[in-house]
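Notes to accompany the following structure.
The values are calculated or read from the model by the stated rules, or taken from the named source; none is laboratory data. In this text the structure is predicted, and so the values were computed from the model without any measurement. All Cβ positions, even for glycine, are placed from backbone atoms using ideal geometry, and neighbour counts span all protein chains on display. Keep in mind that these areas ignore ligands, DNA and RNA; they rest on the heavy atoms of the full protein, side chains included. Shrake-Rupley method; radii C 1.70, N 1.55, O 1.52, S 1.80 Å.
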Amino acid sequence: PHVLEARALHACYGGFTALDGVDLGLPAGRVTAVVGPNGAGKSTLFHCLAGTLRPARGSVRLAGRDITRLPAHARTRLGIARTFQQLAVFPTLTVAENVRVGAEQSRRGDPGAVERTLRLLGLDGPVRARPAAGLPTGTLRRVELARALAAGPRVLLLDEPAAGLDTAEVAALARILKALAADGTALLVVEHDLDLVADLADVVHVMTAGRIVASGPPGHVLDTV
Ligand code: ADP
Ligand code: ADP
């Protein structure tokens, strides 16, 4: 069963159809990837799942509940967390304070969430007390991920999580995301780095011109991209 399920999504910008009937299910405990050329509609789909864009038609369900008309902040409270392609940490807050902001958006208060998440992402050293401003991109990506995770999400939506990371950082990220999936979280990754997708994803959906045109395990699908 899918934790998050989109059915027959259509989205338009003015008269232009950016999503033309997309069905997508995110299973618990699995990493799902969406790939495809620029302009395919990946970001638009992401926005419809995160609640930052209202589809013209179709539905989005979370554990069976219709959330199509719920805005992003309400979805966060129900257990959908996201990261941003353009990093969105609070620059004047410390690393630990940024993560606490995420924990405060949790559906159920979990007093250990901040410390556990800082440890999981290797942010529990001296860096925890540093303001986010000025930290290297790889560290900021971990802070952003930690903030999303501190809310204890059921669904984690990741927009280009490898952007700006070096090879070692991408490998570390992949290990963390696999561990989250193993823990039961449903992950969606929109990602240009096909090596990361091949390493990480259980299922890959290929989008072109607002439709999903192929789906399957990475070994079967990625050589068609
Ligand atoms: P991708 O993420 O796959 O690159 P997008 O979802 O960003 O694709 O865009 C899908 C299509 O919708 C593209 O043709 C893009 O130019 C168009 N588009 C995206 N956002 C807007 C917008 N705010 N206004 C008009 N057209 C847009
Ligand atoms: P991404 O790389 O995530 O697909 P884009 O570079 O496509 O992002 O888009 C960046 C921003 O510009 C988004 O907010 C998107 O909605 C907007 N955008 C994309 N294409 C268009 C367009 N043709 N007209 C207006 N806005 C657009």
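Tabulated values for the structure
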item	result
Answer residue from the stretch 203-218, given it is closer than 25 Å to residue 164 by Cβ and either basic (Lys, Arg) or more than 13 Å from ligand 1 (Cβ to nearest atom) (or both) and is least open to solvent (accessible area, probe 1.4 Å) among those	204
Some residue of the stretch 143-159 being of a type in the set (Asp, Glu), buried (at least 20 other Cβ atoms within 10 Å of the Cβ) and either at pLDDT 95 or above or not in a strand (DSSP E or B) (or both)	yes
Lone qualifier among 1, 27 - being in contact (Cβ under 8 Å) with a residue 24 or more places away in the chain, of a type outside the set (D, E, K, R) and open to solvent by 70 Å² or more (accessible area, probe 1.4 Å)	1
Residues of the stretch 108-132 classified as open to solvent by 60 Å² or more (accessible area, probe 1.4 Å) and either among the β-branched types (Val, Ile, Thr) or modelled with pLDDT of 90 or more (or both), total	10
Qualifying residue in the stretch 16-30 (condition: within 16 Å of ligand 1 (Cβ to nearest atom), outside any strand (DSSP E or B) and under 13 Å from the mean Cα position of the chain (by Cα))	no
Of the criteria (1) open to solvent by less than 60 Å² (accessible area, probe 1.4 Å); (2) more than 16 Å from ligand 2 (Cβ to nearest atom); (3) assigned to a strand (DSSP E or B); (4) not polar (S, T, N, Q), which one residue 61 fails	(1)
Identity of the residue in the stretch 92-107, over 21 Å from residue 126 (Cβ atoms) and under 17 Å from the mean Cα position of the chain (by Cα), that ends up least open to solvent (accessible area, probe 1.4 Å)	106
